[in-house]
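J.: The structure follows.
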Amino acid sequence: MKPFGALLLVAAVLVGGDAATDAVAAGRSCRTIVSAIERLACFDAEAGTPPVPAAEMATQSTVAPTAAAPAAVVSTATPPAMVRVPDIVGLVQRNESRRKADHAGVLLLRVGDAIPGQDKVVISAPALTGSEPRPLLAISCLQNISRLQLITPEPLDVSRVSIRVLLDGRPISDRRPWQVVEDGTVTDAGRGLVAIEQLRHLTRASQQMQLESDHAAFHGLSFDTAALHELMAQQREACHW
């Protein structure tokens, strides 16, 4: 029996050696496969590992791209320019906001000024003729300075106009240059003593103020001044003249 057992052992060794040789040869042949998936499947088959489905293999070998963060939206639009409303325009608008539809005469607004103990006084009235919105007459005392002005709804395209003021058809002065100031919506007869020279005439009772001008927007305008001489007392008090 011993000789027979030894013979079996030798046969087993020879068989094992052949299997090892075949495995080495198979491994060498798997390395020659170009496709990575097929090469791995070859090694798995030789080693007895269950094959991975091709679809799953493709999924594992593919890295899902990371979703990019949405790009920030940068506005290239130019912000609208901030337009500063002249102080006198804002005050006149505030005064006119109280006007009743059936009243065309002068209105007065009196509020505190930035100067301690000083008041702002604004007297305004719309033109009696012309299309809406109409020019406005503005007589004021701001920062202790008297002013005689006209406010237009749109800026004028000139820097100066010539105007003569009449009360009930009688001129109170010759034609004089009025300056277009601020944003173009304010036309100024002058400030301080220059304005007071014409405002003195407005302290007398009258019914209408008329304008003669070389500028079409002002020529022929008239304003209801029936109550103006009474309100002028507050303007004079505020500006100390």
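The values are calculated or read from the model by the stated rules, or taken from the named source; none is laboratory data. All values reported here derive from a predicted model rather than from experimental measurement. Here the Cβ is made from the backbone with ideal geometry for all residues, glycine too, and neighbour counts use every protein chain on show.
J.: Being buried (at least 16 other Cβ atoms within 10 Å of the Cβ) and among the hydroxyl-bearing types (Ser, Thr, Tyr) is the filter here; which residues of the range 107-135 pass it?
T.: Within the range 107-135, just 124 meets the criteria.
J.: Anything in the range 176-193 that is in contact with a strand residue (DSSP E or B) (Cβ under 7 Å, 6 or more places away or on another chain) and at pLDDT 95 or above? List them, or say none.
T.: 176, 177, 178, 179, 180, 181, 185, 186, 187, 188, 189, listed by residue number.
J.: Filter the strands (runs of 3 or more DSSP E) completely within the range 134-241 down to those with at least 3 residues that are of a type outside the set (D, E, K, R).
T.: Strands (runs of 3 or more DSSP E) meeting the threshold: 136-142, 145-151, 160-167, 176-181, 186-191, 208-213.
J.: Assigned by TED's automatic domain parsing to the domain that holds residue 91, over 22 Å from residue 205 (Cβ atoms) and in contact (Cβ under 8 Å) with a residue 40 or more places away in the chain - does that describe any residue in the range 166-175?
T.: no
J.: Let me ask another. Hey, residue 169 hits all of (1) surrounded by 17 or more Cβ atoms within 10 Å (Cβ to Cβ); (2) out of contact with any Gly (no Cβ under 8 Å at 6 or more places or on another chain); (3) not aliphatic (A, V, I, L, M) but one; which does it fall short on?
T.: All conditions are met except number (1).
J.: For the condition in contact with a Ser or Thr (Cβ under 8 Å, 6 or more places away or on another chain), among the basic types (Lys, Arg) and closer than 24 Å to residue 224 by Cβ, what is the one hit in 204, 164, 170?
T.: One residue alone meets the criteria, 164.
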